[in-house]
1. So between PHE63 and TYR106, what do we pick up on full extension, going 0.36 nm a residue minus the alpha carbon distance?
2. Report the label-to-label distance for LEU93 and ASN74 in nanometres (one decimal), using points 7 Å from each Cα along the Cα→Cβ vector.
3. With springs connecting C-alpha atoms under 10 Å apart, model the chain as a Gaussian network and identify which of LEU28, LEU20, LEU57 has the largest mean-square fluctuation.
4. Taking loop as defined by DSSP and a crowding limit of 11 other beta carbons within 10 Å, which trypsin sites (Lys or Arg not before Pro) in segment 50-109 fit?
5. Which of THR82, THR15, THR60 moves the most in a Gaussian network model of the chain with Cα springs under 10 Å?
6. Multiply the residue separation of ILE18 and SER55 by 0.36 nm, subtract the distance between their alpha-carbon atoms, and state the gained length in nm to one decimal.
7. Leaving out ligands, DNA and RNA, what percent of the accessible area of the chain is carbon and sulfur, probe 1.4 Å?
8. Given a 1.4 Å probe, how much area per residue of the chain is accessible, in Å²?
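The values are calculated or read from the model by the stated rules, or taken from the named source; none is laboratory data. Just so it is clear, the structure is predicted and the values come from calculations on it, not from any experiment. Here the Cβ positions follow ideal geometry from the backbone for every residue, glycine too, while neighbour counts run over all protein chains shown. Areas reflect the complete protein model, heavy atoms only, side chains present, ligands, DNA and RNA absent. Shrake-Rupley method; radii C 1.70, N 1.55, O 1.52, S 1.80 Å.
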Amino acid sequence: SLPSSRRSEAKAGRTDLIFLIRFRHCCLLRNQRCLLAYLYDRLLRIRALRWEYGSVLPNTIQFHMSAEEAEWFNRYKKSLATYMRSVGGEEGLDLTQDIKPPKSLYIEV
């Protein structure tokens, strides 16, 4: 935030500071949006790792994750496992198998 002297000057009628205050505020909002977009992209990539590698990630990938990201991955993994057990009868349904559709239109059952 602005130093208290500048805030008091702006409140006292120094209109030349209004532009600087607005500019700084817009810069802060832009930086916040960029940071949130970056974090959301990492979250999507971590979620995709569960589908690509399964429930255990290689050490090289875990090394590059923060503690919070690893915790989110573990919670997502548990949530997905709970859902897969609840769907598809007694043994559950593994949604991570056969992710790619078959090439043929006809499948022998």
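1. 11.1 nm
2. Placing both labels 7 Å along Cα→Cβ, they lie 2.9 nm apart.
3. Taking springs between Cα atoms under 10 Å, the residue moving most is LEU20.
4. Here the sparse-neighbourhood loop sites are LYS103.
5. THR15
6. Between ILE18 and SER55, full extension yields 8.0 nm more.
7. Summing carbon and sulfur atoms, their accessible area is 58 percent of the total for the chain.
8. That works out to 88 Å² per residue.
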